[in-house]
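I have placed the structure first, in the form of C-alpha cells, so that the comments after it can refer back to it.
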Amino acid sequence: MPTWSGMAFTAFVSDAFSRRIVGWRTSSAMPTELPLEALKMALWTPGTSR
C-alpha cells in the first residue's frame, strides 16, 4: 500500500471461527519474517481458538 513515506506491507492472521484478526505486523519491507511475526502474535493472543 503506498503511503506518504513510501510503501507499507502488512500481514494479517485471522481466526476462522471468530473471524477476528488475531495477529498482524506492518513493515516498510517484505521479508520472510513479516508473516511469521504475525503468526507468532496470533499464537500468543489470549482468547483465540486453537
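Compute the angle between helix 33-43 and the longest alpha-carbon principal axis of the chain, please, reported from 0 to 90 degrees and rounded to the nearest 10.
30
If each DSSP helix of 4+ residues adds -39,500 (n - 2.57) and the sum is divided by the residues in the chain, what number results at 222 nm, nearest 500 deg cm²/dmol? Spell out each step's value before the answer.
Values: 1 runs with 11 residues, N = 50.
Taken over the chain, the calculation gives -6500 deg cm²/dmol.
What residues have an amide H closer than 5 Å to that of R25, excluding those fewer than 5 places away on the same chain, when H is modeled at 1.01 Å from N in the peptide plane?
Answer set, sorted by chain and number: A11.
Please turn the phi angles of region 20-29 into ³J(HN,Hα) values with the Karplus equation 6.51 cos²θ - 1.76 cosθ + 1.60 (θ = phi - 60°), one per residue in order, whole Hz, x for glycine and proline.
Going residue by residue, I get 9, 7, 10, x, 7, 8, 10, 8, 8, 10 Hz, with x marking Gly and Pro.
Would you mind working out the magnitude of the charge dipole of the chain relative to its Cα centre, with +1 at each Lys and Arg C-beta and -1 at each Asp and Glu C-beta, to the nearest 20 Debye?
Working: 5 positive and 3 negative charges, 36 e Å.
I would put it at about 180 debye.
In whole Å and largest first, what semi-axes does the C-alpha gyration tensor of the chain yield when each eigenvalue is scaled by 5 and square-rooted? Before the final figure, lay out each step's value.
Numbers: eigenvalues 114, 26, 10 Å².
Its equivalent ellipsoid spans semi-axes of 24, 11, 7 Å.
Counting other beta carbons within 10 Å of each Cβ, put W4, W44 in order, fewest first. Intermediate results must be reported in sequence, preceding the final value.
Working: W4 4, W44 10.
Ordered by Cβ neighbours within 10 Å, fewest first: W4, W44.
Coordinate-derived values only; no laboratory data. Everything quoted here is computed from the prediction, not taken from an experiment. Heads up, the Cβs are rebuilt from the backbone with ideal geometry, glycines too, and the neighbour counts pull from every protein chain shown.
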